[in-house]
Each structure stands twice: as C-alpha cells, then as structure tokens.
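Just so it is clear, none of the values below were taken in a lab; they were calculated from the coordinates. Here the structure is a predicted model, which means the values were calculated and not measured. Because the Cβ atoms are built from the backbone with ideal geometry, glycine has one as well, and the counts that use them run over all protein chains shown.
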Amino acid sequence: MDTPRDRLAHLDRAGLLEAVSDPDPAMRYWACRLLDHHELDTTVANRMLAAAEDRNKKVRQAALHTLACEACKPDDSACFPIDVVGVVLEKLRSDRSLRVRRAAAGLMMWKNPMEPRILRAFRRVLRDETDPVLRSKAEKALYFSSARRSPDGSSRQVQTRPVARNASCQKSGGSNVCSI
C-alpha cells in the first residue's frame with residue numbers, strides 16, 4: 001500500500017519542505033514529521049510556523065513537535081532560529097484543539113531550566129483549564145521544576161543546545177535564538 005509516509009520517505013529536504021504545503025493533510029502531516037529529524041534552520045522554522053497555523057490539528061501538532069523537540073534534531077544542531085518556547089506557549093494558551101494544547105504542554109513540561117514564562121503558563125493551566133490531562137501535565141511540570149532547584153533556591157541547569165559555530169546566538173528568555 002502506498003501511504004503518504006511512503007510517498008515522502010524518499011524525498012530530500014527541499015521536497016519535504018514543498019510537501020508541507022500539499023493539499024492533502026496526511027501529506028502535510030508526514031512532511032512535518034519527516035522534517036523533524038532535520039536541522040531547524042530558518043527555512044524549516046518558517047515552514048513549521050506556517051504549518052502550526054494549519055486548519056488540520058494533526059498538522060499543527062506535528063509542526064509544533066518539529067519546532068520544539070530538541071531530542072529529535074541532529075547532534076550538530078546548535079540553536080533554534082526563532083523563539084520556539086514563545087510559539088509553543090501561544091499554542092498551549094490559545095489553540096482551538098485540545099489535542100494541540102496537550103501536545104504543547106507535553107513539549108514544555110520537561111524543559112530544563114524551566115523559564116518563568118513556562119511556569120506562568122502552567123500556573124494559568126491549573127487556574128483556568130478543566131481538562132484533566134492538561135492539568136496533570138501542568139502539575140507534573142510545576143512539581144518537577146521545583147524538584148530541580150538546588151537547596152539554595154537556584155535552578156540547576158542542563159545545557160540543551162550548544163552555541164553554533166556558524167550562527168549568531170543570543171539568549172531570549174532562556175532559549176537560544178540564532179540568526180544563521
């Protein structure tokens with residue numbers, strides 16, 4: 001059987017980027033998923049930002065994952081060219097799909113260090129949301145964030161992405177943002 005994933009599996013990066021705009025939502029979804037293991041440069045980031053606004057919730061969810069999942073990126077990826085945390089938090093706050101909001105919470109709940117804006121977002125979830133899954137993710141994130149603090153109250157940090165050699169990187173609210 002010829003599935004959308006099978007049709008896209010042989011494409012290079014340029015072909016996958018083009019497929020993100022395919023009329024078929026399954027093709028858009030799989031293009032985002034397959035781009036997840038490519039470096040998140042400006043071109044991929046811009047396509048994923050557009051896909052994060054797709055009318056299909058599965059495409060939006062896949063685009064968010066491609067933007068935010070550091071573990072899926074190649075080891076030599078240095079930093080992200082956009083404020084990924086800001087994009088994901090906006091989806092957590094306002095996406096019309098509960099599925100996408102849950103995915104956004106899952107992408108942020110293990111961030112280390114946990115930025116103040118992520119903590120605020122999870123506190124808002126506990127204050128305003130009724131969904132038990134979203135609330136559970138927020139509770140876990142806040143609990144583990146407090147567990148990561150040293151006895152003196154300072155945050156123990158883990159470097160998530162080294163600074164790129166060929167990019168100009170700066171800290172923006174705790175996240176690396178770079179221009180390539």
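Here are a few things to note about the model shown:
- Couplings 3J(HN,Hα) of region 11-18, computed from phi: 6, 7, 4, 4, x, 5, 4, 5 Hz, in residue order, whole Hz [Karplus 6.51 cos²θ - 1.76 cosθ + 1.60, θ = phi - 60°; x for Gly and Pro].
- Two-site FRET efficiency, residue 96 against residue 147, from Cβ-Cβ distance with R₀ of 30 Å, rounded to 0.05: 0.35
- Equivalent ellipsoid dimensions for region 20-103 as semi-axes, Å, which come from the Cα gyration tensor, largest first: 19, 15, 10
- Value of relative contact order over region 1-98, rounded to a whole percent, pairs C-alpha under 8 Å and six or more apart: 24 percent
- One chain, two ends: residue 2 and residue 49. Fully extended at 0.36 nm per residue, the span grows by 14.1 nm beyond their Cα-Cα distance.
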